[in-house]
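Report on one structure; see the data block that follows.
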Ligand code: DGL
């Protein structure tokens, strides 16, 4: 029987992107056991309606709850933007953290000029949640949202650091940065996008802050575990269990790349939601 502190943390995303959250969390909280669910059969979420994404998010959350998790992390900005309220209501009293809130807060803290560019999916941008939350954290901030839907496919294909990613990044974001621009911060408002960080850095240049929503939410998870007295024992060796609704080998490959200690081919369990 697991004590309430040794229970796992449930994390989900539409695909491999949320592994950036799992990986950041393993670095910050190595004693925690994580269960990661990639709903790859229904990827991308970023082009789907709020109703559909909410339904998918509720199903993913329910599945993770059936595995007796102590906390849920929505490691998808799109699902957080559409469905964090619905998931919180359905999962109560389980603590639920959304990556959007963490990323927006980190971007508000990072900007000096008050001019922030948010790269995200179409669906997340349409909700208007980024300007709303960034302005709530730092008033009079100018937020430019740039939908970058093709970045998701590049990240899924493992092409985040490539000439094709450079070209796409230039096309989407090149005009928003440069010597004439007041923008000093780029928020990666999709958990797939940190996988494109090398290409993005080449395009925006060395000056601007690049805020990684995955790092930001990992820090909030640790704070929330402390606040709820849910930190795993220091003697526990944390594990990562991977689940996917499709494309297991893709998830396994990226997990091995981001977290080499998992071995060359971490096991992925195929499930249906
Ligand atoms: N990784 C997801 C996000 O953070 C979405 C990618 C997608 O499925 O479109 O928004």
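Bear in mind that the values in this text are calculations on the coordinates, not laboratory data. Note that the coordinates shown come from a computational prediction; the quantities given were computed from them, not determined experimentally. Cβ placement follows ideal geometry from the backbone for every residue including glycine, while neighbour counts extend to all protein chains displayed.
When you scan segment 200-216, how many residues do you find that are farther than 15 Å from residue 20 by Cβ and under 20 Å from the mean Cα position of the chain (by Cα)?
The total comes to 2.
Only one of (1) in a helix (DSSP H, G or I); (2) in contact (Cβ under 8 Å) with a residue 24 or more places away in the chain; (3) over 17 Å from the mean Cα position of the chain (by Cα); (4) more than 16 Å from the ligand (Cβ to nearest atom) is not met by residue 219, so which one is it?
Exception for residue 219: condition (3).
When you scan segment 71-93, do you find a residue that is more than 11 Å from the ligand (Cβ to nearest atom), in a loop (DSSP other than H, G, I, E, B), in contact with a strand residue (DSSP E or B) (Cβ under 6 Å, 6 or more places away or on another chain) and over 27 Å from residue 208 (Cβ atoms), even just one? Please lay out each step first, then the result.
Quick first cut of segment 71-93, residues more than 11 Å from the ligand (Cβ to nearest atom) only: 71-73, 83-93.
Now narrow it down to the ones that are in a loop (DSSP other than H, G, I, E, B): 92-93.
After this cut, where a residue has to be in contact with a strand residue (DSSP E or B) (Cβ under 6 Å, 6 or more places away or on another chain) as well, the list is none.
No, that holds for no residue.
From the set of residues in segment 157-212 that are in contact (Cβ under 8 Å) with a residue 24 or more places away in the chain, within 16 Å of the ligand (Cβ to nearest atom) and part of a loop (DSSP other than H, G, I, E, B), which is farthest from residue 250 (Cα to Cα)?
Out of the qualifying residues, it is 189.
Sort out which residues of segment 30-58 are more than 15 Å from the ligand (Cβ to nearest atom) and either part of a helix (DSSP H, G or I) or over 12 Å from residue 240 (Cα atoms) (or both), and write them in order of number.
51, 58
Considering each residue of segment 222-273, count those that are assigned to a helix (DSSP H, G or I) and loosely packed, with under 14 Cβ neighbours inside 10 Å, and give that number.
Matching residues across segment 222-273 total 6.
Return yes when residue 100 is farther than 30 Å from residue 179 by Cβ and within 9 Å of the ligand (Cβ to nearest atom) and no when it is not.
Taking the combined requirement at face value, the residue satisfies it.
Residue by residue, here is whether (1) under 21 Å from residue 188 (Cα atoms); (2) within 17 Å of the chain's Cα centre (by Cα); (3) touching a residue at least 60 places away in the same chain (Cβ under 8 Å) holds:
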| position | (1), (2), (3) |
| --- | --- |
| 9 | no, yes, yes |
| 14 | yes, yes, yes |
| 26 | yes, yes, yes |
| 59 | no, no, yes |
| 76 | yes, yes, yes |
